[in-house]
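Starting off with a structure, shown below.
The values are calculated or read from the model by the stated rules, or taken from the named source; none is laboratory data. Given the structure is predicted, the values throughout are model-derived calculations rather than measurements. When we count neighbours, we look across all protein chains shown, and the Cβ atoms used for this are built from the backbone with ideal geometry, even at glycine. Accessible surface areas use protein heavy atoms only, side chains included; no ligands, DNA or RNA. Shrake-Rupley method; radii C 1.70, N 1.55, O 1.52, S 1.80 Å.
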There are 2 protein chains.
Amino acid sequence: MKIGLDIMGGDYAPKAAVLGAIEACKVLSPNQKLVLIGDRDIAEDILKQNNADQACFEFVHTTEVIGMGEHPTKAIVQKPNSSISLGFKMLKEGQLQAFSSAGNTGAMLVGGMFSVKTIPGVVRPAMTTIVPKLKGGLGILLDVGANADCKPDNLLQFGILGSLLAESVYNIQTPRVALMNIGEEEEKGNLLTQATYPLMKDTNLLNFVGNIEGRDLFSDGFDVAVCDGFTGNVILKLAESFYVITLKKGFKDEFLDKFNYEQYGGSPILGLNAPVVVGHGISNPEAIKNMVLLAKNMVESNLIEKIKQAFH
Amino acid sequence: MKIGLDIMGGDYAPKAAVLGAIEACKVLSPNQKLVLIGDRDIAEDILKQNNADQACFEFVHTTEVIGMGEHPTKAIVQKPNSSISLGFKMLKEGQLQAFSSAGNTGAMLVGGMFSVKTIPGVVRPAMTTIVPKLKGGLGILLDVGANADCKPDNLLQFGILGSLLAESVYNIQTPRVALMNIGEEEEKGNLLTQATYPLMKDTNLLNFVGNIEGRDLFSDGFDVAVCDGFTGNVILKLAESFYVITLKKGFKDEFLDKFNYEQYGGSPILGLNAPVVVGHGISNPEAIKNMVLLAKNMVESNLIEKIKQAFH
């Protein structure tokens, strides 16, 4: 298995990315390689400085980068030699089994849709985030930003995608799928959620448990929470800000610790024809390591094939 | 001035409502009366038990209640003698200058729109909530649930309504109005926020400062944050849940203390032809007291007249 890692992506690239790669390598099997895509000279310097086992790594050299603020579609089209573009080219050609980056999220989404493309039957890929639960364990929230405007069909599909991720990668059996809404009753909500509820209730493609509200995000009542990407992005960033506030104020707590994005490694983009993971821009080596391991888990759990079968 | 208080509304009614009324009376002027609408016998018992000054109170007796779970429109139509219906009848007839309740929020909204009606020019009334700021002070978020689906015009009007509330009741000069979005740049967002941004940028009816994101909710960069009622309701309930979690975990902090809804008293419904405040269902006497005082401040600041002029 070869996992591609964009070492030019993220606020602390390339150093954090290469250091994270070194840590990831320590837990990979001998037949699992990391392909570092970016400035090879810098990468090899960092590996040497850290006495890293070179056998784990392959290199694809480029110095072209898609910046965090660049327009995704323009950048993907205009920078074919950027680390992200090269990663997707290799993923499409089967030289990589997964690709991960803490770089420009939009470019990762667009790059994935342009190269490996969306799985037939999936209308729109979705981005996920992990939500810690007060009673322990975790939930999955999606979409958190890939699709600002959604239709009921999209939300139904997000429920299926999230279920397969929960089952395959997080070992949650028959995941309970909830609809993020503004009331518990079926008739509550905006036009989108009102139209989505009956679709979710009537399908046998997922295990629907009804509406949840903002206050239920950390509750034990669901495994997968579905919303449009606008709502999900607001939720994600608001939850992050709470965590940052509690950190700054010095509050220590087992539950709050689980908000630390580092341990989850990144957000899978679900619905593409290959495993793709996007890391947080501020990823440190620990986060990069876990992003790579998440990509590995997506390959090993055969998630993409399961999604293809579900949408066949 | 006569302020109507529904003593049948709220999870701890009528006791919490009457006890809150007693506390409010202690800070009202002699010419300011509280009209307690609900079960007069119970109210008088509670007043006597607490040796309350009866001169502050007037009574409108009814035992009919709109329950928290009732369908708002049906309940308002079918229960003309409910405490909420009677309050709005008096408000419409000028027997009250403001009306407040911790009861069924939807019924308060529908009751207001049916009785005193929406101010000419205002397309949809909005519900607000107070957002504490990390650096001190507060912001206003609207809409938090009155309008699950919004058009750009609605959001523009919410900005104007929120500005007038901030200025009149919270003494914030030239309030900075921000659009809740999923990116800082003008072109970011869903169809709604993308269409709203230029409207807000081009108007001289409010002081637009651009987009904010979920992570900026407690920042110092705005005074009024505008969003559709679906997004606002999810934000409100998520923020409440964080506060509840920190409370349960015993974290103490000046900033977190400001999340306590009790001190804000309730949510004004903006855009109606009279001051109307809805309290939290779980309102205790302190919250009820502050709800009444907020209603008083809305009357004294002449907020409704200012809104009428702005939309003239």
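For a quick check, take a GNM of chain B with Cα springs below 10 Å and name the residue from B:SER219, B:SER85, B:SER29 with the largest mean-square fluctuation.
Fluctuation is largest for B:SER29.
Next question. Name the shape class, rounded, prolate or oblate, that the alpha-carbon gyration tensor gives for the stretch B:124-260, where a ≥ b ≥ c are the square roots of its eigenvalues, rounded holds for a/c under 1.5, and otherwise prolate holds if a/b is larger than b/c and oblate otherwise. Let's see the in-between values first.
Numbers: a/c = 1.82, a/b = 1.53, b/c = 1.19.
Judged from the Cα gyration tensor, the stretch B:124-260 comes out prolate (a/c at least 1.5, a/b above b/c).
Compute the semi-axes of the equivalent ellipsoid of the protein assembly as shown, taking the square root of 5 times each eigenvalue of the Cα gyration tensor, and list them largest first in whole Å. Can you show the working numbers first?
Working: eigenvalues 527, 106, 98 Å².
With the √(5λ) rule applied to the protein assembly as shown, the semi-axes are 51, 23, 22 Å.
Out of the stretch A:85-156, which trypsin sites (Lys or Arg not before Pro) are coil in DSSP terms and have no more than 12 other C-beta atoms within 10 Å? Could you put the intermediate results ahead of the total?
Values: sites: A:LYS89, A:LYS92, A:LYS117, A:LYS133, A:LYS135; in loops: A:LYS117, A:LYS133, A:LYS135.
Taking the stretch A:85-156 and a limit of 12 other Cβ atoms within 10 Å, the loop trypsin sites (Lys or Arg not before Pro) found are A:LYS135.
Placing the label point 7 Å from Cα along the Cα-to-Cβ direction, what are the distances from B:ASP53 to the equivalent spots in the other copies, shortest first, in nm to one decimal?
8.1
Follow-up. For the stretch A:249-269, state which residues have at least 50 Å² less accessible area in the presence of all protein chains than in their chain by itself, taking the probe as 1.4 Å and leaving out ligands, DNA and RNA.
Checking the loss per residue gives A:LYS249, A:PHE251.
Order of B:104-110, A:119-125, B:190-196 by packing, highest average Cβ count within 10 Å first?
The packing order, highest mean first, is B:104-110, B:190-196, A:119-125.
Given a 1.4 Å probe, how much area per residue of the stretch B:163-303 is accessible, in Å²? Can you show the working numbers first?
On the way: 5060 Å² over 141 residues.
Ligands and nucleic acids excluded, the figure is 36 Å² per residue.
Continuing with the same structure: Kindly count the pairs of lysines across the stretch A:1-126 whose alpha carbons are less than 19 Å apart, treating pairs on different chains or eight or more residues apart as eligible.
Final tally of qualifying lysine pairs is 18.
What is the distance in Å between the Cα centroid of the stretch B:20-49 and that of the stretch A:35-81?
Spelled out, the Cα-based centre of one part sits 71 Å from the other.
Shifting gears a bit: If you put a point 7 Å past Cα along the Cβ direction, how far is that point for A:HIS312 from the same point in each other copy, in nm, smallest first?
Between copies, matching label points for A:HIS312 lie 7.1 nm apart.
Now, a different point. Which whole number gives the average count of other chain Cβ atoms within 10 Å of the Cβ atoms across peptide B:240-246?
Neighbouring Cβ atoms belonging to other protein chains average 6 per residue here.
Still on this structure, I have one more. Return the loop-located trypsin sites (Lys or Arg not before Pro) in the stretch A:225-264 (DSSP other than H, G, I, E, B) with at most 16 other Cβ atoms within 10 Å of their own Cβ; answer none if there are none.
Those that pass, being in a loop and sparsely packed, are A:LYS249, A:LYS252.
While we're looking at this one, here's another question. Find the relative contact order for chain B and round it to a whole percent, using C-alpha pairs within less than 8 Å whose residues are 6+ positions apart. Before the final figure, lay out each step's value.
Values: 678 pairs, mean separation 72.1, N = 312.
Relative contact order comes out at 23 percent.
Can you list the GluC sites (Glu not before Pro) in the stretch B:152-223 that are in a DSSP coil and have 11 or fewer other beta carbons within 10 angstrom?
Passing both the DSSP loop test and the Cβ count: B:GLU187.
Report the per residue volume, in Å³, of the convex hull enclosing the C-alpha atoms of chain B.
Details: hull volume 39.2 nm³, N = 312.
Here the figure is 126 Å³ per residue.
From other protein chains only, count the Cβ atoms within 10 Å of every residue's Cβ in B:174-184, then give the mean.
2
I need the peptides A:61-67, B:96-102 ranked by packing, meaning the mean over residues of other C-beta atoms within 10 angstrom, with the highest value on top.
B:96-102, A:61-67
Given a 10 angstrom Cα cut-off, can you work out which residue in A:ASP143, A:ASP220, A:ASP253 is the most mobile in a GNM of chain A?
Evaluated over chain A, the most mobile residue of the options is A:ASP253.
Between chains A and B, what is the buried accessible area summed over both chains (1.4 Å probe, protein heavy atoms, nearest 100 Å²)?
3300
Suppose you put the label 7 Å out from Cα in the Cβ direction; list, shortest first and in nm with one decimal, how far B:GLN78 is from each other copy's label.
Going from nearest to farthest copy, the values are 6.2 nm.
Could you pull out every Cys in chain A that lacks a partner Cys with its beta carbon under 4.7 Å away?
Cysteines lacking a close Cβ partner in chain A: A:CYS150, A:CYS227.
Something else now. State the percentage of accessible surface on the protein assembly as shown attributable to carbon and sulfur atoms; use a 1.4 Å probe and exclude ligands, DNA and RNA.
It is 50 percent, rounded to a whole number.
Name the residues of the stretch B:214-233 whose accessible area falls by at least 30 Å² when all protein chains are present instead of the chain alone, probe 1.4 Å?
B:GLY214, B:ARG215, B:PHE218, B:PHE230, B:THR231
Taking each residue of B:149-157 in turn, how many C-beta atoms of other protein chains fall within 10 Å of its C-beta, and what is the average? All intermediate terms of the calculation are to be shown ahead of the outcome.
Values: counts 5, 1, 0, 0, 0, 0, 0, 0, 0.
The per-residue average across the peptide is 1.
Add -39500 (n - 2.57) for each DSSP H run of 4 or more in chain B, then divide by its residues: what number comes out at 222 nm, to the nearest 500 deg cm²/dmol?
-12500 deg cm²/dmol
Which of rounded, prolate or oblate describes the stretch A:1-122 when judged by the alpha-carbon gyration tensor and an a/c cut-off of 1.5?
It comes out oblate by the Cα gyration axes.
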